[in-house]
Amino acid sequence: MRILDISVPLRERMPTYPGDPRFRRVAARSRKSGDAAEVSLLTLSSHGGTHVDVPYHFLEGGADLSSVALAPFVGPCRVVDVTGMPYVDAADVEALAPASGERILFKTDNASLWGRDDFVSDYVYLTRPAAQVIAARGVALVGWDYLSIEKFGADDAPAHKVLLAAGVMILEGLNLADVGAGEYFLTAAPLALAGGDGAPARAVLLEGFYAEQTP
């Protein structure tokens, strides 16, 4: 079995969605200052780096992290390669034949953007019609390889709202540069943030997991 870390490391000067707090880490305690241990103070957005979106993020009265099950974030998943496309539309999703309860991670050309410190607004995104197909098929989770699944500047976040209203959880900020299309086991549990609208997650793929379970 191979473990593939598909998380984006939290670091100073990392890309941040415009308007969101930037990541900062400062020493709260330090051995150099005479303390017994190193302790850091972290400042970050709940939607910075690799993170999950839950309904409360965009929907009034939507489920927050305290009431969302962990099941969508842990289990079998499929990585699909849609590189070369400026966006993913309904026909592209239909061609993937998504199944009810499935977790689908989209590998796009966004992978190259993680090498930059600045935010890039011209990233690959999911259209509203594509989100409608995913929602109608009963997909459990959609993973995206940049800070937002939504087209930058889109009015009223249509893709987010369609997915979250249908109970489709969203995992954003993935780094799939070194991951091939195929079947994996996903673990991407968010921080247990009471009442949260979203939270950072450590996303990991297990390759060959099921082969090792076979007697």
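The values are calculated or read from the model by the stated rules, or taken from the named source; none is laboratory data. None of these values were measured; they are calculated from a predicted model. Methodologically, a virtual Cβ is constructed for each residue, glycine included, from the backbone with ideal geometry; neighbour enumeration extends over all protein chains shown.
The table below gives the values:
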item	result
Top-ranked residue in the stretch 1-32 [being in contact (Cβ under 8 Å) with a residue 60 or more places away in the chain and either among the polar types (S, T, N, Q) or part of a strand (DSSP E or B) (or both); ranked as farthest from Val120 (Cα to Cα)]	Arg2
All positions within the stretch 72-88 that are among the acidic types (Asp, Glu) and within 17 Å of Ile170 (Cα to Cα)	none
Qualifying residue in the stretch 32-45 (condition: of a type in the set (A, V, I, L, M) and within 25 Å of Tyr184 (Cβ to Cβ))	no
Ala37 being in contact with a helix residue (DSSP H, G or I) (Cβ under 8 Å, 6 or more places away or on another chain) and assigned to a loop (DSSP other than H, G, I, E, B)	yes
Failed item in (1) crowded, with 18+ Cβ neighbours inside 10 Å; (2) under 16 Å from the mean Cα position of the chain (by Cα), with Val162 passing the rest	(2)
First in the stretch 162-186 and in contact (Cβ under 8 Å) with a residue 12 or more places away in the chain and acidic (Asp, Glu), second anywhere and part of a loop (DSSP other than H, G, I, E, B) and surrounded by fewer than 24 Cβ atoms within 10 Å (Cβ to Cβ), Cβ under 8 Å, 6 or more apart	Glu172/His47; Glu172/Ser148
Unmet requirement for Leu186, which otherwise passes all of (1) surrounded by fewer than 18 Cβ atoms within 10 Å (Cβ to Cβ); (2) modelled with pLDDT of 95 or more	(1)
Whichever residue in the stretch 31-54 is touching an Asp or Glu at 6+ places or on another chain (Cβ under 8 Å) and under 29 Å from Ala181 (Cα atoms) and, among such residues, is surrounded by the fewest Cβ atoms within 10 Å (Cβ to Cβ)	Ser46
Selected residue [farther than 16 Å from Tyr56 by Cα and either modelled with pLDDT of 95 or more or of a type in the set (Ser, Thr, Tyr) (or both)] from Glu212, Glu150, Glu207, Glu172	Glu150
Filter result for Leu65 (closer than 23 Å to Asp197 by Cβ, in contact (Cβ under 8 Å) with a residue 60 or more places away in the chain and surrounded by 19 or more Cβ atoms within 10 Å (Cβ to Cβ))	yes
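A quick yes/no check of all residues on (1) closer than 16 Å to Ala199 by Cα; (2) modelled with pLDDT of 95 or more; (3) over 16 Å from the mean Cα position of the chain (by Cα):
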site: Ala36; (1), (2), (3): no, yes, yes
site: Leu42; (1), (2), (3): yes, yes, yes
site: Cys77; (1), (2), (3): no, yes, no
site: Val82; (1), (2), (3): no, yes, yes
site: Phe106; (1), (2), (3): no, yes, no
site: Asn110; (1), (2), (3): no, yes, no
site: Asp117; (1), (2), (3): no, no, yes
